[in-house]
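Take a look at the structure set out below.
The values are calculated or read from the model by the stated rules, or taken from the named source; none is laboratory data. Being a predicted model, the structure only gives us computed values, none of them experimental. Don't worry about glycine lacking a Cβ; one is built from the backbone with ideal geometry, like all the others, and counts go over all protein chains shown.
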Amino acid sequence: MKAFNKNTFREISKTKNRFFSILLICAIGVGFFSGVRATCDDMKTTADNFFDRNSLFDLRVLSSFGLTENDEKALLDIEGVDGVFASKYTDLSLHSGEHEYLTRVYSAQSGEINNIDIVSGRNIENEGECLLSASFVKESIAGIGSKITLEDLTDADEFPLSRKEYTVVGLYNTPMFISITQKGSTNIGDGSLDAFMIVDEADFTQDVYTEIYVKSEKLKNAKSYSDEYKELRDKLSEKLEKLGEKRAPIRTEEVLGEAKQELADGEAELEEAKTEGQKELDDAKAELENGKKEIEDGEKELNDAKKTLDDGKAQLEDAEKQIADAKKELDDGKKQLEDGKKLLDESKKELDEAQAEIDEKRAQLNEGKTALAEGKASLDEGLMQYNVAVEQLDRIEQALVYAEERFGKEAMADSRAQFEEQKKTLLDSKAQLDEGFAEYEVQQKALADGEKAIAEGQKQIDEGYEKYNEGLIEYNVSLRMLEFSEKQYNDGYETFVKQKAEYEKGVKEYEDGVKELSEAKKKYEDGLKEYEDGVITFNNEIADAEKKIADAKEKIADAGNAEWYIFSRDDNVGYSEYESNAERINKISTIFPIFFLLVAGLVCLTTMSRMVEEQRTQIGTMKALGYSNGKIVMHYMVYAVSGALIGGIGGAFFGCVLFPWVIMYAYSMMYNITDFVFLFDPANIILSVGSMTLAIAVTVYFSCRKALEESPASLMRPKAPKAGKRILLEKIPFIWNNMNFFAKISGRNLFRYKRRMFMTVVGIAGCTALSLTGFGLKDSISDIVDLQYKNIYKYSGYLAYDEDTDDIQSIYDDLLKYNPDTKYTRALIKQYETKFDKNTLQCYVTAVEDADIFESFVDIHERVSKEKTSIKDGAVITEKAAKLLGAKVGDEIALSLGGTKTQSVKISGITEQYTSHYLYLNEELYTEIFGELPKYNIVYFDNGITGGDSEKTDKFSEIMLKNKNVLAVMMNAASLSSIKETLSIMDLVTMVLIVSAGALALVVLYNLSNVNITERIREIATLKVLGFYDAEVSSYVFRENIVLSVMGGVVGLVLGYFLCMFVITTAEIDELMFGREIHWISYIWAFLVTLGFSLLVNLIMTKTLKKISMVESLKSVE
Amino acid sequence: MSFVSLKDVYKRYKVGEVTINASDGMTFDIEKGELAVIVGPSGSGKTTVLNMLGGMDTCDEGVISVDGARISGYNRKQLTLYRRFEIGFIFQFYNLLPNLTAKENVEIAGQTKKDYIPSEEILEKVGLGERINNFPAQLSGGEQQRVSIARALAKKPKLLLCDEPTGALDYNTGKMILKLLQDTCRNDGMTVILVTHNTAITPMADRVIKIKNSKVDDIQINEKPTPVEEIEW
C-alpha cells in the first residue's frame, strides 16, 4: 500500500469519532431518503404480487342488457385475452340480527380469476350456504354459522335470488376489494356498500351474466400501477370495446325485438279502442242535445201559458173588483135614493110646520100693533099734564123769589126746599116721559121689522115647496135608472163567474205542464251526467293505455341499445385508493427526506471543514513534498466519501426495509394486502447514496480549496486562532455589565464562530422542525375526531328509514318515546359524483327538511374566519371536497349519479369538515335543482345521548329498531370510536417520524459538539491547565451548546410549522381532512425533545472533555 | 526538604510496541524563591518534567513534592485543585483565550481563586496598563506573553512554570520577558522554573538543571546570576 493511502486509512482509525459521525449521519440521511422513496414502489410491488398471486382481473366487461355465454366465447377469442370469467351479482340488503347492511352478492367465483381466499370456515358445499367478506365480519357480528336474511330494496317485482335466507359457512378475502374501509358505491340505500358475499350461481334467477372478467398474461407480467401496465391495458381495452360494438347490437336484438313488436300491437289496439269509444260518446252527446232542445221549447211554451194565465188572472181580478165596485155603487144609489126620499119627506113636513109658525107670528104682530097704539095715547096725555105742572111751578118760583127778597132767604128756606123738591119731582117725571117715548119708538121699529120678517119667511116657504116638488120629480127619475143598473149588474156578475171557472181550469193545465217539464229536465241531467262520466272513463282508460305504451316506449328507448362498458382496475375503489396512498407517500418522500439529506450534508460540511483546518500543516507538508492539489484533495475525499458510502449504503439497505415496513404495516390495517415486498432498487440506492456522497464530495472540495490556495509555507505556520471581537451586545452596557463573566465569554464565543453557529442552528432547527412535524401530524390526526364530533356535529346520531314509507310519524313518535325533548329533522343523503373543472369526487348530497334544526345539529361555518354560513342561503360544500374539486364560493359544480344526467349547483358556502364530503342543500334548493321533492331517507336527531353510553344507546336502539320502517340507527359516539381506531394507524407513522427526527438530532448535535470541541481543544486544555474543574470546563463549552440549541429550537418551531402544514396537506387521505392546528403542547414537546437530545449529547461530551489531555492538546501546535 | 523536589521520577509512554521513557529516573531539588532553568535539547524530556510539576501530567514512578505536598500521589481532583491554586503556567505560544481581552484573560484565571491580584494591577505591573482592553490578536507576541505572565501571577501561585516562554519571540522581546520573569523572582520571591533549549540564557538562573536523554545530566548553582540585560546570545 502506498504511504499516501496508508495515511488516509490511518487517519480514519485515528479519528474514529469523526469518521463514525459522518458515517452515521449519512446512514440516517440516506436511510430515510431511500427508505421513504422506496416505500411507494414497495407498496405497489407488494400489491402487484398480491394481485398476480390472486389473479386479479385486468378488465371487466359490463353490458346494459347482461352478457351471454356467446359474449364470453367471443371475448376469449380476442388476442391477448388469456382467461375470462363470467359472473353475476346483485346489490341487496343484508339482515343479521338487528343490523342491516348493504351487500353485493356475487355468484360463486372461479379459481382462475379473482381468486378468493377463504380465511376461515369452508367453501359453499350445500344449498343455502354463503361466504361473507372477511373484512366485513371484523366489524359486525355475522360470523361463521350465523344466519342472514336478504332483502331487495329496489321496486323490482322479482327477487333476484331463489332464496332469501343463507347460512354463513366461511369468510373470504378477495383481491377485488382490498380496502377494508371503502367498499364502493351502490344505487340502493345510502349508496355505500358494507359487505360482499358469495352464493351459489344457481341461486340467481337471472340467466344472463352481469359481468365478465378478463385476464391477460401480458398484463400480468407488467407491474400493476406502472405506465407499462396502463398502456397495455388501454390497448386491450380498446380491443374489447371494438368487440362490444359488434356484440352489443346482437344482444339488443335478442332483448328488444320482442318488446318492440308487442309495443306496436298495443299501439294499434289502443288506436281502435279510441275511435270506437269516441263514436259512442258522440252519439250519446247528440241525443242529449236534442233532449235539451225539446226541454227548452217546452219551457218556453209553459212560460207563454203562464203569462197568458197571469194576464187572465189580472183581468179576472180587475173584473171582480169592478163588479164589487158596481155592486157598491148600486147599493149606494139605492141608499141615496132612499135617503133623498126621506129628505124630501122631511122637508115637506118642515115646510108645513114653518107655514103654521108664520101664521101664528102674524097674529102676534097684529096684537102688538094695537098695544103700541094704546101706549102712545097714554104718553101724549102725560106730556100735557107735565106742561101744566111746569107753568104752576114757574109762578110759585116767582112768588118765592119775591118772598125771599122780602122776608129774607132764611125765612123762606123751608119754602125753598119744598119748591126744590117739587121741581125735582117734576124733572123726574119729565125723564120718565122721555123714556116712554124712546121705548115707543123702539117698539114701533120692532114691529116694522117683525112684519118684514114674516113676509120673508112666507116667501121662503113658498120657495121650499117649489123645491120639494122638483125633488120629488128627480127622485122618481133616479128610481127608474137604478132599476136599470141593477139589471145590468146582475148580467155582468154572471159573466164573471163563468170566466173565473175557465181561468181555474187554465191554471191546473199549466201546473201539469210544469211538472212534466221538470221531469224531462231531470231525465236530461241524468243523461248528461252519464255522458260526462263516460267521457272521463274513456279519457282515463285511453290515458292509462297511452301511458303504458309511453312507458314501454321509454323503457325501450332507455334501454336504448345494449352497450358494453369496459372497466379497468382503476375503477375499483380500493385499487385506485391504494395507488393514491402510495403516491402520497411518494410525495412526502420528496420534501421530507431532502430535509434529512440537507441537514446531514450541512453537518458533514462543518465536520470536513474543521478537519481540513486542523490539518493545515499536513496539507502544507504534502504540498511541500510535491503532491498535487488533486492528490491532496483525494486524501480528504477518500476519507469523507468512504464514510458517506459505507454509511449511505448501510443506511440505504436498512432504511429500505425499515421505512417501507412501518408504512406498509400501517396501511395493512386499511388494506387486505399481505406479504410485504422490499425492493432494493439500484436506481433509488444509487440516487440516494450518490446524492449524499456527491454533496459530501462537494463540501470536501470547498473545504480544501481555500487551504490549497495558500502556499505550503503559510500552511505550515499555525493558523492564528480566530481573533476575538467585541460583540454587539457589549454596546448595550445595561445588559452586558449585568452578565456574569462566563456568560460574557459564552456570548462572545457564540458570535466568534458565526459559521458554526449558523450550522448548529440550522441543524438543530431541522431536527426540531422534523419532530414538530411528527407531533403536529399526530395532533392534526387525533384532532379530527374531536373537531368533527364535538365542534361540528352536535347531534346524537341519525337513523335510516325506508324511504318509501308514509308513516314517518311513527318514527317521530318512537323518537319522542325515548326522550320527549328529542329534536329531529329529516334529510335525504345520497352519494353523487361531483365534478368541477376536471376534478371528480364522490360526495354525499344532503337535502335537509328543516334547515334551522339541522344547523343546530351541524355547525356550519368557515374554518378560518369562523364565519357562519347558512344552508338557507344556498348550497354549502365541505371544505375538503371544495379543495379537492378546486371549487370556490360562487362556482358551479356538476352532480351526477354516474349516468349521463347531470345537475348543476352553485356553491354559496364552504364549511369546516374533517370526515367525508358533503354537499348540503335545503329542501327548496334541492327541489329546484332536481325538479322533485327530496325523498327523505334519514332522520337526524338529538336525544341527549352524547358519549359512548352503551346502556342508553342500547335502550334507544331497541326502541327504534322495533319500528319496522327504521333500517339502521347510527350513533355519533360509535362513529367517533371507529374513526379513532382507523386513525391510530397513523400514530405509527408519526412515531417513525419523531424517532427518526430524534436520531438525526442526536447525531447532528453530537457531531457539532464534537467539532466544537476539537476546534477549541487548546482553549479547553488551557482552561484545564488554569485549574478549572471538570464541571466548569463543561459548562464553559455547553453553555454555548444550550444557547444554540434554544436558538435552533425556536427557529425549528417556525420552520416546523410550515413543514408540518406541507406534510399534512400532502399526506392526508382524500376522505379526511386533518386538523390544521398544532397544539401548543406539541411545540413544547418538540422543543423539549431537541433540548433533551442536546443535553444528552452534552452528557456524552462531558466524558470526552474529561478525557482531553492537556499535554497532548497544547503540544499539537509545536 | 527543598521547596520543589523530584526523586527517581519515571514517565513512560507506550507507542505501539515500543515504550519510551520521557523521564528516566530524574532527581533534582529547587529551593523556594529560586529561578531555575531546565535546559536540554529537543525531546530530552524537559517539558515532560515541567508538565508533571505543573500537575498536567502524572509520573509513573518516583516522588514529586512541592512545598511539602507530595503531588505525585494526587488524584485527578487533587491535581486540578493544585493547578488551580498553586501553579502559574506560561507557554511558548501563550495560550491566551483569543476571544477574551487582555484584562479578561487575566480575570479568567483570577476567577478560580478568592485571593487574587486585580487584573488591572497585575497588568500594570507587567507593563500593559495601556492595553488591557485589547484582544490577543491585537497584541504583539511579547505583549501576549506579558498577558500570559500576568494571568499566571494574578492568582499568586507558589510556583511559576514557564515552557519556552521566549521560543516564539524575537531577541529583544524575549529578553524583556526574561527580565520580567527574573524581576518577578527577585522582587516577589516567586519560585520560577523555566524550561528552554537555549543554553545561552542559563546564566540568569539561580540553578541550572541540564537534561539529556530523559535524565538529569548536571545541576549547576549560580551563586551570582547574571542580570538578563547582560546576557547576550
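Determine whether the range A:1061-1070 contains at least one residue that is more than 14 Å from chain B (Cβ to nearest Cβ), of a type in the set (A, V, I, L, M, F, W, C), in contact (Cβ under 8 Å) with a residue 24 or more places away in the chain and more than 27 Å from residue A:785 (Cα to Cα). No; the residues of the range A:1061-1070 include none that is more than 14 Å from chain B (Cβ to nearest Cβ), of a type in the set (A, V, I, L, M, F, W, C), in contact (Cβ under 8 Å) with a residue 24 or more places away in the chain and more than 27 Å from residue A:785 (Cα to Cα). Evaluate the following for residue A:990: is it in a helix (DSSP H, G or I) and more than 14 Å from chain B (Cβ to nearest Cβ)? Yes: the conditions hold for residue A:990.
In this structure, does residue B:142 turn out to be touching an Asp or Glu at 6+ places or on another chain (Cβ under 9 Å), surrounded by fewer than 23 Cβ atoms within 10 Å (Cβ to Cβ) and modelled with pLDDT under 90? Yes: the conditions hold for residue B:142.
Among A:434, A:462, A:428, which is closer than 30 Å to residue A:360 by Cβ, surrounded by fewer than 16 Cβ atoms within 10 Å (Cβ to Cβ) and out of contact with any Cys (no Cβ under 9 Å at 6 or more places or on another chain)? Show your work before the answer.
Working: A:434 fails: closer than 30 Å to residue A:360 by Cβ; A:428 fails: closer than 30 Å to residue A:360 by Cβ.
Every option except A:462 fails the conditions.
Every listed requirement among (1) assigned to a helix (DSSP H, G or I); (2) within 14 Å of chain B (Cβ to nearest Cβ); (3) without any contact (Cβ under 8 Å) to a residue 40 or more places away in the chain; (4) of a type outside the set (D, E, K, R) is met by residue A:1081 save one, (2).
Condition check ((1) modelled with pLDDT of 85 or more; (2) surrounded by 19 or more Cβ atoms within 10 Å (Cβ to Cβ); (3) under 36 Å from the mean Cα position of the chain (by Cα)) across all residues:
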residue: A:142; (1), (2), (3): no, yes, no
residue: A:162; (1), (2), (3): yes, no, no
residue: A:192; (1), (2), (3): no, no, yes
residue: A:199; (1), (2), (3): yes, yes, no
residue: A:204; (1), (2), (3): yes, yes, no
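Only one of A:787, A:772, A:715, A:777 is more than 14 Å from chain B (Cβ to nearest Cβ), crowded, with 22+ Cβ neighbours inside 10 Å and touching a Lys or Arg at 6+ places or on another chain (Cβ under 6 Å); which? Before you say what the answer is, go through the steps one by one.
Values: A:787 fails: touching a Lys or Arg at 6+ places or on another chain (Cβ under 6 Å); A:772 fails: touching a Lys or Arg at 6+ places or on another chain (Cβ under 6 Å); A:777 fails: touching a Lys or Arg at 6+ places or on another chain (Cβ under 6 Å).
Within the list A:787, A:772, A:715, A:777, the selection yields A:715.
Of the conditions (1) crowded, with 21+ Cβ neighbours inside 10 Å; (2) at the interface with chain A (Cβ under 9 Å from one of its Cβ atoms); (3) free of Cβ contacts under 8 Å to residues at least 40 places away in the same chain, residue B:123 satisfies every one except a single condition; which number is it? With (1) crowded, with 21+ Cβ neighbours inside 10 Å; (2) at the interface with chain A (Cβ under 9 Å from one of its Cβ atoms); (3) free of Cβ contacts under 8 Å to residues at least 40 places away in the same chain applied to residue B:123, the lone miss is (2).
The number of residues in the range B:145-159 that are within 11 Å of chain A (Cβ to nearest Cβ), crowded, with 24+ Cβ neighbours inside 10 Å and farther than 19 Å from residue B:171 by Cα comes to 4. Going through (1) touching an Asp or Glu at 6+ places or on another chain (Cβ under 8 Å); (2) at pLDDT below 80; (3) among the hydrophobic types (A, V, I, L, M, F, W, C) one by one, residue A:960 falls short only on (2). Can you tell me which residue is nearest to the other protein chains (Cβ to nearest Cβ) among those in the range B:58-83 that are within 16 Å of residue B:7 (Cα to Cα) and under 17 Å from the mean Cα position of the chain (by Cα)? The extreme case among them is B:58.
Determine which member of the set A:603, A:599, A:657, A:641 is within 60 Å of the chain's Cα centre (by Cα), surrounded by fewer than 21 Cβ atoms within 10 Å (Cβ to Cβ) and in contact (Cβ under 8 Å) with a residue 24 or more places away in the chain. Walk me through how you get there before you give the answer.
Working: A:603 fails: surrounded by fewer than 21 Cβ atoms within 10 Å (Cβ to Cβ); A:599 fails: surrounded by fewer than 21 Cβ atoms within 10 Å (Cβ to Cβ); A:641 fails: within 60 Å of the chain's Cα centre (by Cα).
The unique qualifying residue is A:657.
Name the single residue that is farthest from residue A:638 (Cα to Cα) among those in the range A:574-596 being of a type in the set (A, V, I, L, M) and surrounded by fewer than 18 Cβ atoms within 10 Å (Cβ to Cβ).
Going through the range A:574-596, the residues of a type in the set (A, V, I, L, M) turn out to be A:582, A:585, A:588, A:591, A:594.
From what is left, the residues that are surrounded by fewer than 18 Cβ atoms within 10 Å (Cβ to Cβ) are A:591, A:594.
On the way: A:591: 29, A:594: 24 Å.
So, considering only residues that are of a type in the set (A, V, I, L, M) and surrounded by fewer than 18 Cβ atoms within 10 Å (Cβ to Cβ), the one farthest from residue A:638 (Cα to Cα) is A:591.
Scanning the range A:505-524 for residues that are of a type outside the set (Lys, Arg) and either surrounded by 14 or more Cβ atoms within 10 Å (Cβ to Cβ) or on the phi > 0 side of the Ramachandran plot (or both) turns up A:506, A:507, A:510, A:513, A:514, A:517, A:520, A:524.
Do you know which of the residues in the range B:88-107 that are at the interface with chain A (Cβ under 7 Å from one of its Cβ atoms) and hydrophobic (A, V, I, L, M, F, W, C) is farthest from the chain's Cα centre (by Cα)? Here the answer is B:100. Here residue B:50 does not qualify as in contact (Cβ under 8 Å) with a residue 12 or more places away in the chain, touching a Gly at 6+ places or on another chain (Cβ under 8 Å) and closer than 21 Å to residue B:208 by Cβ.
Residue count for the range A:62-93, restricted to those that are touching a Leu at 6+ places or on another chain (Cβ under 6 Å) and within 21 Å of residue A:177 (Cβ to Cβ): 3.
Under the condition of being within 10 Å of chain B (Cβ to nearest Cβ) and either under 60 Å from the mean Cα position of the chain (by Cα) or not in a helix (DSSP H, G or I) (or both), the residues counted in the range A:741-768 number 1. Taking the options A:74, A:86, name whichever one is part of a helix (DSSP H, G or I) and surrounded by fewer than 23 Cβ atoms within 10 Å (Cβ to Cβ). Going through A:74, A:86 in turn, just one is part of a helix (DSSP H, G or I) and surrounded by fewer than 23 Cβ atoms within 10 Å (Cβ to Cβ): A:74. When residue A:186 is tested against (1) modelled with pLDDT of 80 or more; (2) within 19 Å of residue A:575 (Cα to Cα); (3) under 44 Å from the mean Cα position of the chain (by Cα), only condition (1) is not met. If I filter the range A:798-809 for residues that are at pLDDT below 85 and either over 27 Å from residue A:966 (Cβ atoms) or touching a Pro at 6+ places or on another chain (Cβ under 8 Å) (or both), do I get at least one hit? Checked against the condition, which is being at pLDDT below 85 and either over 27 Å from residue A:966 (Cβ atoms) or touching a Pro at 6+ places or on another chain (Cβ under 8 Å) (or both), the range A:798-809 yields no hits at all. Checked across the range A:692-706, the condition of being assigned to a loop (DSSP other than H, G, I, E, B) and loosely packed, with under 15 Cβ neighbours inside 10 Å holds for no residue.
Out of B:42, B:23, which single residue is surrounded by fewer than 19 Cβ atoms within 10 Å (Cβ to Cβ) and either more than 22 Å from residue B:147 (Cα to Cα) or in contact with a Pro (Cβ under 7 Å, 6 or more places away or on another chain) (or both)? Break it down into steps so the answer makes sense when it comes.
Numbers: B:23 fails: surrounded by fewer than 19 Cβ atoms within 10 Å (Cβ to Cβ).
Within the list B:42, B:23, the selection yields B:42.
If you go through the range A:1063-1118 and keep only what is modelled with pLDDT of 80 or more, over 54 Å from the mean Cα position of the chain (by Cα) and of a type in the set (S, T, N, Q), you end up with A:1094, A:1098, A:1102, A:1104, A:1109. Does at least one position in the range A:865-879 carry a residue that is surrounded by fewer than 21 Cβ atoms within 10 Å (Cβ to Cβ) and under 26 Å from residue A:193 (Cα atoms)? Yes - at least one qualifying residue is present in the range A:865-879.
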